[in-house]
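The next block holds one structure in the form of structure tokens; read it before the comments.
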Amino acid sequence: QSDTNPPKWYDTFSLRGYIQVRYNAFQSNPDLGCDQCDKSWNGNSSFFIRRARLVFSGQIGKQVYFYFQPDFAASGSGGLNFGQLKDAYFDFGFDPENEYRIRVGQTKIPYGFENMQSSSVRLPLDRSDGINSAFTNERDLGAFFYWAPKEKRAMLKQLVDAGLKGSGDYGIFALGVFNGQTSNQLDQNNALHTVARVTWPMKIGNQIVEPSIQGYTGQFVMPKGQISSGVKTAADRSYLDQRVAATFVLYPKPFGIQAEFNVGKGPEFNKQTDSIEVQNLKGGYVMMSYLLRKDKQVIMPFVRAQYYDGGKKHELDARSYKVNDFEFGVEWQPVEHLELVGGYTFSKRRYEDYALPDNYQMGNLLRLQAQLSF
Amino acid sequence: QSDTNPPKWYDTFSLRGYIQVRYNAFQSNPDLGCDQCDKSWNGNSSFFIRRARLVFSGQIGKQVYFYFQPDFAASGSGGLNFGQLKDAYFDFGFDPENEYRIRVGQTKIPYGFENMQSSSVRLPLDRSDGINSAFTNERDLGAFFYWAPKEKRAMLKQLVDAGLKGSGDYGIFALGVFNGQTSNQLDQNNALHTVARVTWPMKIGNQIVEPSIQGYTGQFVMPKGQISSGVKTAADRSYLDQRVAATFVLYPKPFGIQAEFNVGKGPEFNKQTDSIEVQNLKGGYVMMSYLLRKDKQVIMPFVRAQYYDGGKKHELDARSYKVNDFEFGVEWQPVEHLELVGGYTFSKRRYEDYALPDNYQMGNLLRLQAQLSF
Amino acid sequence: QSDTNPPKWYDTFSLRGYIQVRYNAFQSNPDLGCDQCDKSWNGNSSFFIRRARLVFSGQIGKQVYFYFQPDFAASGSGGLNFGQLKDAYFDFGFDPENEYRIRVGQTKIPYGFENMQSSSVRLPLDRSDGINSAFTNERDLGAFFYWAPKEKRAMLKQLVDAGLKGSGDYGIFALGVFNGQTSNQLDQNNALHTVARVTWPMKIGNQIVEPSIQGYTGQFVMPKGQISSGVKTAADRSYLDQRVAATFVLYPKPFGIQAEFNVGKGPEFNKQTDSIEVQNLKGGYVMMSYLLRKDKQVIMPFVRAQYYDGGKKHELDARSYKVNDFEFGVEWQPVEHLELVGGYTFSKRRYEDYALPDNYQMGNLLRLQAQLSF
């Protein structure tokens, strides 16, 4: 690029994306579902597009970065695979190294390592109920302050680039305010949610570990359309929504551990009183993995156990959940751009609302996923 | 590029876009709304994505230009931020300089300077009710003839590129036919709307002024789903839809004036008879601005007064409106790509339909917007 | 590209697209419709966007190819022109020439030359009822094996690139499994559909011909929302869905013939019993065309006769059809990127469901289309 020519559009930002196609090879119980995981948990052996995404992003100025990610796997009236926004945000840096940044727009909430980690790098097919029930789709609309020193920013980036399944760069310290009704939903009250997080990735000998703590608080308003007729609610349908989580990650060099646990309060259906009430919740997971490289191929077996006891505010009547799942699987990258995952899940789930006040389901699933990144 | 190689795809067209994130810092009256302006006028202090757009465009042949713009801020079933088309059109030029062009597709109707001006350059957050009530989303599907001599085309382009808040190039003379039900709607009758416009941007000393006149006529069919049960309509729900507008612009060098007014006829709810009838309408606005540059920063304070008395054909029962708004604000471009706007609005609005036949609302709003262009 | 630099994103894949704008100049019978063809068959002379597509694709590795195509002309709640996925698939090749490939994702089913041929190159505005009633939108989600020797792959590509209206490369031999409920729909049963196809394009003197045979079988489940109250169905709403088709193409050098016919079984409304039953179906078309080139312009007149007698599983009550259409038209490419088509159709259609058990419509249509490819 000569100095006299303005930069070309294709040099100022980049375009990439990925496609996840799943095949449910076996599901022992057609009544066992998991709305938040994957809407194709329905007993049918069939193909399903879980994610089909385009990412437009770039550091378009010394201080200005943007990220624009539509997904073409959203449900709409009359079918699947409509295009809907995942991310649309930009960062403004206050110093030459952008160690201090403000992010504005729809973006992931800095709460939960697993939530922030891209689905394109996560080992299990679905996020855990315990952590992901905080924010369906992991995102909301707001303003966030991030701080991370230069070397830590480089390290966070490297943990993704090197195939170590990092969470990406959501700062060493994060503090944000956001609507609180999750992404792609109109806010329903006059109060913002608040979130804070501290993380500290560090090298210990040949290993890298990253402990984090994070918490958020706010008032969640149960949307009218999400309450069965006959269910009693708080007068303004507004509920305390508050959690704190601890994370520990040992990056897979070659043996990895990833564990998170959170406790808090939130709306939950109470079948004794047919009402939605603020109740305690708790849950988390432990995952172990092993990273094998052979030539340019990567093979990563993993096991994960997860547990959740609490409500899901995004579901009908803030459905009451009790989940005990165990899963093992393997990820295989046979060539660049392509990744195959096979996983077998043992699932025990009690999830209850006004229409289904006694609903305990258990079953096994064998699922395969082919993912292409471009 | 050597002569023997075909051009690369990225040289034949370009990709850009912008994101508008709003924060409603204060709204004194939760019952004061403005559907056509911004669906987040609802009393809540919250964040909202008003526009999230990608623009694919290019002069792909000597005579052929195209423009393809999806927006990812459309409402759909089950949420916000679905992707929907704004523009999808192409121009075919009849002479080497493309002074004579035919445009075919979904595009802005050449009616109203403010309608044609991009939202990414407009000073106030929302278009005025008086002018914008002609066409919600400013667009329709049709065929349009544009004529502009070479030097005027360059001037229209320059008025945008130089940050003077121009309307873009919709010709010096425009004549078009279009469906008449506005963009992204199926046509409902066998008759097309017709529009014509003449504008004349010119330099007077150091200043640039642009007076324009424009008008359109057609039959608008009230969609069935937009009529309350109990409201009487014309037999075929078809109404005369006809307006003429005058525009005057003094571009901000550094002091600017932008003023438009239109009169016409269109469907409007009549609460005396509970019917939708053709009634007179009138409305417009005057805006004053001042352009300050400091280094690479731009600061533009502005004030706008607007008025509208008439129906809104795109709303329930062709809602009857009487609007008196006054607004002041400032736009600040701290760095390239980023633009911040703060505006304070005093709003008085009477808007009435079958369910709300006596609905006068007034209130004040403080709103902030951060816009990123990439 | 030097060896030390990674390839730029814009070198690894390409972006293109097209826009089809139609104008229904004349429709003699407003009650004559064809849902599967074009939702603007409704008697109104008006503009309509039939397709507005972006295609992201590329051979991103020696063995890995991807194709990602959203369309921004899908209907949604509240309007037209929402973005929805057409294709999202990738190919993995097993040999250096990718003669043996597996395709995974949402893609066209290799059934019917006309189905596989891109709408951007097809001569008539709409596909024929007989062949296209196999799969609305021509696509489904599954896994497909393709085999084609190198020289045949080159030939299939050349048949498109040279303007001879080829079908693209869906292999010489194809074998696939897929959900069976067509694209963008959740699968409804535990059984996959199976499809197979053999084609053999070959040069005979100066001419190129391509005969093919293809067939598929599976169980189609009538979706609940697509059955009128009062209509009787099979207990599980599941119906045999099975067809075999023969294709013959003489490519236009300069005179062309394209003919297809298929027979099979599928769900169809029976007005005698008010039930949906498996019934026989048959239908096809013959098209003749002539390719004229003058300088860089292309002119192709064509005539097509088509016939269909059977049900349409994708429509209300698996509507019963009997179609006899005749159409003539001309395609004109005045400059690169731009293509104009005018067609006149004589249509006789009986299509009957529970609400309209005696519905025979006939009429003539004059339609124009402008298509821009970028």
(request) Sum up the charges of everything whose Cβ sits under 10 Å from the Cβ of B:Val21, counting Lys and Arg as +1 and Asp and Glu as -1, but leave B:Val21 out. (result) +3
(request) May I have the convex hull volume per residue, in Å³, for the Cα set of chain C? (result) 145 Å³
(request) Beta carbons within 10 angstrom, averaged per residue: use that to sort the peptides B:34-43, B:184-193, highest first. (result) B:184-193, B:34-43
(request) Find the sum over both chains of the accessible area lost when C and B are paired, probe 1.4 Å, and report it in Å² to the nearest 100. (result) 3100 Å²
(request) With unit charges on the beta carbon (Lys/Arg positive, Asp/Glu negative), name the residue among A:Ser347, B:Tyr65, A:Thr136 whose Cα is farthest towards the positive pole of the charge dipole of the protein assembly as shown. (result) B:Tyr65
(request) Pop a pseudo-label 7 angstrom from the Cα along the beta-carbon direction at both A:Val335 and B:Trp147 and give the gap in nm to one decimal. (result) 5.8 nm
(request) Treat every Asp and Glu Cβ in chain C as -1 and every Lys and Arg Cβ as +1, leave all other atoms uncharged, and give the resulting dipole magnitude about the Cα centre to the nearest 20 debye. (result) 440 debye
(request) Among the GluC sites (Glu not before Pro) in the range C:44-121, which ones are in a DSSP loop with at most 14 other Cβ atoms within 10 Å of the Cβ? Mind listing them? (result) C:Glu97
(message) Per 0.36 nm of contour for each residue apart, how much would the distance between A:Asp295 and A:Asn190 grow if the chain were fully extended, relative to their Cα-Cα spacing?
(response) 32.2 nm
(message) So the label point sits 7 Å from Cα along the Cα-to-Cβ vector; using that for B:Leu292, what distances do you get to the other copies, in nanometres, sorted shortest first?
(response) 6.7, 6.7
(message) Give me the percent relative contact order of the range C:1-46, please, defined on Cα pairs under 8 angstrom at least 6 residues apart.
(response) 31 percent
(request) Select from B:Phe220, B:Pro357, B:Leu32 the residue farthest towards the positive end of the dipole of the range B:9-373; place +1 on Cβ of Lys and Arg, -1 on Cβ of Asp and Glu, and compute about the Cα centre. (result) B:Leu32
(request) Specify the residue with the greatest mean-square fluctuation among C:Thr107, C:Thr12, C:Thr194, computed from a Gaussian network of chain C linking alpha-carbon atoms under 10 Å apart. (result) C:Thr12
(request) Could you provide, to the nearest whole Å², the per residue accessible area of the range A:9-373 with probe 1.4 Å? (result) 36 Å²
(message) Quick check: the angle from helix C:150-161's long axis to the longest principal axis of chain C, C-alpha only, nearest 10 degrees?
(response) 70 degrees
(request) Can you send over the carbon and sulfur percentage of the accessible area for chain C, probe radius 1.4 Å, protein chains only? (result) 58 percent
(request) Give a quick list of trypsin sites (Lys or Arg not before Pro) in the range C:292-350 that DSSP marks as loop, anything other than H, G, I, E or B, with at most 15 other Cβ atoms within 10 Å. (result) C:Lys296
(message) At a threshold of 8 angstrom on Cα-Cα distance, excluding pairs fewer than six apart, so keeping six or more, what relative contact order does the range A:9-373 reach in percent?
(response) 14 percent
(message) Which aspartates and glutamates, if any, have their Cα less than 17 Å from the Cα of A:Lys157, not counting same-chain residues under 8 positions apart?
(response) A:Asp91, A:Glu97, A:Glu99, A:Glu114, A:Asp169, A:Glu210
(request) Filter the trypsin sites (Lys or Arg not before Pro) in the range B:241-277 down to the DSSP loop ones having no more than 15 other Cβ atoms within 10 Å, then list what survives. (result) B:Lys271
(request) Indicate the residues belonging to the range C:312-353 that lose 10 Å² or more of solvent-accessible heavy-atom surface (probe 1.4 Å) upon moving from the chain alone to the assembly of all protein chains, ignoring ligands and nucleic acids. (result) C:Val335, C:His337, C:Leu338
(message) Based on C-alpha coordinates, I'd like the Rg and Dmax of the range A:51-144, in Å.
(response) 14.8, 49
(message) Taking beta carbons within 10 Å but only from partner chains, what does the mean come to for residues A:51-62?
(response) 3
(request) Please work out whether the protein assembly as shown counts as rounded, prolate or oblate from its C-alpha gyration tensor, where a ≥ b ≥ c are the square roots of the eigenvalues and a/c under 1.5 means rounded, while otherwise a/b larger than b/c means prolate and anything else oblate? (result) rounded
(request) List the residues of the range A:9-31 that lose 10 Å² or more of accessible area once all protein chains are present, compared with their chain alone (1.4 Å probe, heavy atoms only, no ligands or nucleic acids). (result) A:Trp9, A:Tyr10, A:Asp11, A:Phe13, A:Ser14, A:Leu15, A:Ile19, A:Val21, A:Tyr23
(request) Express in whole angstrom the spacing between the alpha-carbon centres of the range B:295-312 and the range C:143-197. (result) 55 Å
(request) Report, ordered by chain and residue number, the aspartates and glutamates lying within cross-link reach of A:Lys8, taken as a straight Cα distance under 20 Å and ignoring same-chain residues fewer than 8 apart. (result) B:Asp11, B:Asp161, B:Glu336, C:Asp11
(request) At a Cα cut-off below 18 Å, give the lysines reachable from C:Lys313, other chains included and same-chain residues fewer than 8 away excluded. (result) C:Lys39, C:Lys108, C:Lys224, C:Lys232, C:Lys265, C:Lys271, C:Lys282, C:Lys322
(request) Between A:Trp9 and B:Lys271, with labels modelled 7 Å along Cα→Cβ, what's the label distance in nm to one decimal, could you check? (result) 4.8 nm
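The values are calculated or read from the model by the stated rules, or taken from the named source; none is laboratory data. Note that the structure is predicted; figures quoted are calculated from it, not measured. With ideal geometry, Cβ positions are generated from the backbone for all residues, glycine too; neighbour counts draw on all protein chains shown. Side chains are part of the model used for accessible areas, which takes the heavy atoms of the whole protein and leaves out ligands, DNA and RNA. Shrake-Rupley method; radii C 1.70, N 1.55, O 1.52, S 1.80 Å.
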